[in-house]
Amino acid sequence: SSLRWHTMTATNSIIELAADAVLQASCLEQTQPLLSFSADLERNACVIEGFVQRSEGGAQLLEWAGQLCSLGTLVSDEFEYLEGHDAAEGETFLDQLRRQLQRDLCCTNEWLMKMEGVETASAKCLVNAEGQRLLLKFIENMMKLYSAASGSTDHTTQKMTWYVKVDINASNESIKFHDDSVHLRLVSTLVGHGTVIAGEDAVDWGLYSLCDQDLPEIAPGASNLSTEQLKVWNCRVVSKDHPTGSGDVVLMKGRKGDASQPCVHRAPYSAESGDDSSARFLIMIQRLGVEDKAELASSLFFDDSDAGEDSDDDNDNDDEQISPVLDDMEEEDKLPVTVLSGFLGAGKTTLLTHVLNNREGIRVAVLVNDMASINIDAKLLMEGVHLQENTDKMVELHNGCICCTLRGDLIESVRALALERRFDYLLIESTGISEPLPVASTFAARDANGSPMLGGVARLDTAVTVIDCLNFLKDYQSEEQAVDRKELGAEETDQRTIVDLLVEQAEFANVLVLNKTDLVSCSELDRLKGIFRKLNPGARLIESQFGAVSPQVLVNTHSFDLDSSSMLPGWQAELRGSGNNHKPETEEYGISSFVYRKERPFHPERLHDMLKDGAPLPGVLRSKGFLWSASDHCTSLQWGQAGFSVDLKPGPPWLQELRSEWPSWAAKYKTSPYGDRRQEIVFIGIDMDEAKIRMALDQVLLTQEEFALGPKAWSGWMKLVAAGCPGHSQ
């Protein structure tokens, strides 16, 4: 049998298990020896020997942990995680643990990088994503073992909270034999000597109980005793100890556990030696009841505001010792990033595969986001691209979209890759329904404390959108919503239309790759190019077949600038008067644009009826701007149209301040009786009938008699947004 009993005496309380016996179980939570241990009052400890070494990836985990500990006192810390503390809404404990552990290791790495004499190669092991993944997987397995050994059921664990502690070269471990006021505790040592335990029959319980966790008078001044004095005391209390080794998993019942006596244990003496032998990586896991959780939370995660004046000085000292999260990496040291967007089937994965196969020695990391639980794009890439081990890396994000539900994962993944400092470039392939703007803005975003979320360690180098030349205009005329196409993986609450997605992806990019040019005629291609020069006048247009594009135009271009006027979409550029004045495509293909401006409000009912019946906008591909509805006198409305869909939604308020305080751009409206209120809508299209469109909109304006009634009378008319105007279709 793989189950071996430690039989120093017939009453010995320690079970020893071979790792293979546990790992062969189909489900760790149902490991039979551990289930028996949970109910056995005569057994207070269980040792699973060599569990880490025998686990998948165990050797790599031990090697990584050794690298961390080799940094010595530079990395001497305790990381503690309590289920639910600082957790995001709906976040599982494993997801919480993954996020917080990654954050803590990144912060430690950033602090080390600022210290003189610390080599980058040595510090970067802290943010090694594979090492972190293996550690989290091991902790997950430990939690399963804990559940089996504690006899946990859904009913018994409803009010129990997970608590995980990771000690790296910690110096405050107790080398005195003691027990814990817990039900069950699980520990595992990855580096250094393991925890030392004692069988029940080896403990002098009479002497042990007299001290009640403190040394008796025969050993006064317990806190000041030397290691040698403690060794003498330990030998009096325990006649024979039971050491464990690196890679063992040790389960110990405490005073509240189901055992006749708690497990007595101590840290190895090497933990206090102060030399290289003191390097130690220890993981501790337990579950806490309501009272224990409250006590731990109050001691570990107290509010600084309650600490009083004395704590201010302490905090000041701490600030001198611990550097904040790094937010000022030199620009040339930041990880450059290309974000690759494009509608489903446009050819993003094909293009990415081509770029990777022609990267000419660039050390690249790839982050692939797919809406499916199985990341198909990642699988295709792995089949079509040879990534160099220890040089390149692929990270998968799935079951969400990086511009919304997975934005947090995006930040953590990019940050971790940047802090590894071993990649020349990062390529991000987003989903077919991702919008580039939210992803790009993440690189400029700051958290509640004003620290950059990504901008301190990475920079957005290029924003690329791949266009399907064959299907773009067909999809552009679609009246479908994203949820109507199941293959897109949009959530049921997603209100966006297909056209919304196409426009967002085309307007916000500084490189547009016109793919599948071999499937359209020359005239069709020229018309598409004319359209995109209007929709996105600042973008570089690149033609491709089968995604064959030179990496030089997508990687390290230094071309993206969020604040640049070149990033303005065509409609906004037209409003500012900075649109593309080069119009040969207008003469040949009928592509044009114009701005509708009036300083008189629309009648809300007539505008509502026009949109309801189908706005007469022949040939219009895109229109956007602000409008003035008489009944919404204080607030502008935003007009947005792409394809067949016209939306109205609340916009910013019209200027309310004293006219002397108006910004310079509004100077031309100071003499107007109603200030900056106006109609200002840009129309971009093919073969548009500008006169017909202008006439239709003019008919919606207030008549002279209606205009004379004034705002007081207008306020009683229907409110457009409240009336359900958003979402009108032509």
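Given H placed on each backbone N at 1.01 Å, which residues far from PHE177 in sequence or on other chains put an amide H within less than 5 Å of it?
none
Ranked by accessible surface with a 1.4 Å probe, highest first, in what order do VAL166, VAL595 come?
Most to least solvent-accessible, the answer reads VAL595, VAL166.
Which one, LEU702, VAL646, TRP662, projects farthest toward the positive side of the charge dipole computed for segment 591-730 from Cβ point charges (K/R +1, D/E -1)?
TRP662
Peptides 656-662, 507-513, 542-548, 530-536: what's the order by average Cβ count within 10 Å, highest mean first?
Going by the mean number of other Cβ atoms within 10 Å, highest first, we get 507-513, 530-536, 542-548, 656-662.
Taking 0.36 nm per residue of sequence separation and subtracting the Cα-Cα distance, how much length would be gained by fully extending the chain between ASP518 and TRP665, in nm to one decimal?
Using 0.36 nm per residue and subtracting the Cα-Cα distance, I get 48.3 nm.
At 7 Å along Cα-to-Cβ for each site, give me the label-to-label distance between LYS486 and ALA88 in nm.
Placing both labels 7 Å along Cα→Cβ, they lie 2.8 nm apart.
The values are calculated or read from the model by the stated rules, or taken from the named source; none is laboratory data. Predicted model, so just to flag it, every value in this text is computed and none were measured. Cβ atoms come from the backbone with ideal geometry, glycine included; neighbour counts cover every protein chain shown. Note: accessible area is taken over every heavy atom of the protein model, side chains too, but ligands, DNA and RNA are not part of it. Shrake-Rupley method; radii C 1.70, N 1.55, O 1.52, S 1.80 Å.
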